[in-house]
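Since every read-out is calculated from the coordinates, none of them should be taken as a lab result. All values derive from a computational prediction rather than experimental measurement. Cβ placement follows ideal geometry from the backbone for every residue including glycine, while neighbour counts extend to all protein chains displayed.
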Amino acid sequence: MPDKERERYYLSRLRTCVSDIPAGDPVEPEPPDFVFIKDGHRLGIELTTFYLPPEPSKRPHQEQQALKERIVSEAETLHAQAGGPPLYVQIIFNRQKELQKRDIKPFSRELADSILACPVPQHITDPDVKLPWEHKPKWAGIIRVTGSVDGMDKLWQADAGGGVAEISSEHISNVVRSKSNCEPLARIQCDELWLVIVNDNFSRAAQAEITAEALNAMYVGPFDRLIWLLPHVPRGLNLWIKQSASG
């Protein structure tokens with residue numbers, strides 16, 4: 001899916017949970033991603049998807065993760081070959097089950113068949129579906145299915161093990177610093193500039209959740225407003241930001 005189409009989807013979700021975005025269609029100067037003009041005031045919105053930096057793992061974990069990803073990848077292929085629609089699928093494996101190479105083919109078939117047998121969302125705006133226990137393989141903990149944003153984009157993900165990762169204030173500070181590079185050029189197009197960090201668990205980002213510490217931290221950057229967006233809820237959380245000059 002083109003990045004711009006995903007950005008427009010995120011913007012539509014942001015508008016449902018942040019009331020002070022002006023009505024009407026924005027312009028898209030790049031940067032920022034969107035500019036709304038009302039009564040001569042120009043509001044710029046820059047969107048960025050959060051990606052948790054990878055951390056070193058021990059070899060056994062890497063081997064298990066590789067097997068999970070192989071099972072999910074082959075299941076996605078089987079699902080498509082059988083005429084299944086494009087979907088976003090998250091699979092959390094039962095942690096009590098240690099995977100072996102011999103599990104790849106039967107598990108991928110079971111996974112594909114379980115999703116083919118259940119009614120699934122037709123579009124990303126439809127409610128997610130969590131497969132009931134009687135319809136999912138015994139080795140699967142949770143299987144969650146979301147509809148495609150455009151009927152073509154799809155992503156099947158295996159959990160990374162160890163539960164949902166925590167997003168710290170340091171992680172967010174790094175994003176703010178990185179995005180600060182585009183601020184001088186974006187300011188030419190707008191009078192007010194927001195940075196919206198998107199925590200999208202159906203993107204290619206790893207499963208991660210913001211901590212209370214990160215929600216209450218003070219960030220420093222050249223933006224007028226900093227928002228943490230959970231697009232599929234949807235929910236926009238204002239983060240504290242102390243404005244600094246761009247550097």
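With N counted as the residues of the range 59-158, its alpha-carbon radius of gyration over 2.2 N^0.38 Å works out to 1.03.
Each residue of the range 188-193 is assigned a 3J(HN,Hα), and the resulting list reads 5, 8, 8, 9, 10, 10 Hz, derived from the Karplus form 6.51 cos²θ - 1.76 cosθ + 1.60 (θ = phi - 60°), x at Gly and Pro. Of Cys17, Cys190, Cys182, the sequence from fewest to most neighbouring Cβ atoms within 10 angstrom is Cys17, Cys182, Cys190. Neighbour counts of C-beta atoms inside 10 Å place Val233, Val220 in the sequence Val233, Val220, starting with the fewest. Just going by the charge dipole of the chain, with Lys and Arg at +1 and Asp and Glu at -1 on Cβ, which of Gln90, Ile142, Leu237 is farthest out on the positive end? Among Gln90, Ile142, Leu237, the one farthest towards the positive end of the dipole of the chain is Ile142.
Rounded to the nearest 20 debye, the dipole size of the chain about its Cα centre is 760 debye, using +1 on the Cβ of Lys and Arg and -1 on the Cβ of Asp and Glu. Among Ile92, Ile37, Ile172, the order by Cβ neighbours within 10 angstrom, fewest to most, reads Ile37, Ile92, Ile172. Taken as Cα centroids, the range 6-52 and the range 99-138 sit 35 Å apart, rounded to the nearest whole angstrom. Taking each residue as 0.36 nm, the span from Asn216 to Ser19 lengthens on full extension beyond its C-alpha to C-alpha distance by 68.7 nm.
Considering only DSSP beta bridges where both residues belong to the chain, give the percentage that are antiparallel (nearest 5). Don't skip to the end; give the middle numbers.
Working: 20 of 43 bridges.
Bridges in the chain are about 45 percent antiparallel.
Calculated FRET efficiency, Thr77 to Trp133, Cβ-Cβ distance, R0 = 22 Å: about 0.30 to the nearest 0.05.
Per-residue ellipticity at 222 nm, computed for the chain from helices alone with -39500 (n - 2.57) per DSSP H run of at least four residues, works out to -9000 deg cm²/dmol. Under a 5 Å amide H cut-off, with hydrogens placed 1.01 Å from N, Lys97 pairs with nothing among residues at least 5 apart or on other chains. With 25 Å as the limit on Cα-Cα distance, the pairs of Lys154/Lys179; Lys101/Lys138; Lys130/Lys179 that go past it are Lys154/Lys179; Lys130/Lys179.
Rounded to the nearest 20 debye, the dipole magnitude of the range 59-158 is 480 debye, with +1 charges on Lys and Arg beta carbons, -1 on Asp and Glu beta carbons, and the Cα centre as origin.
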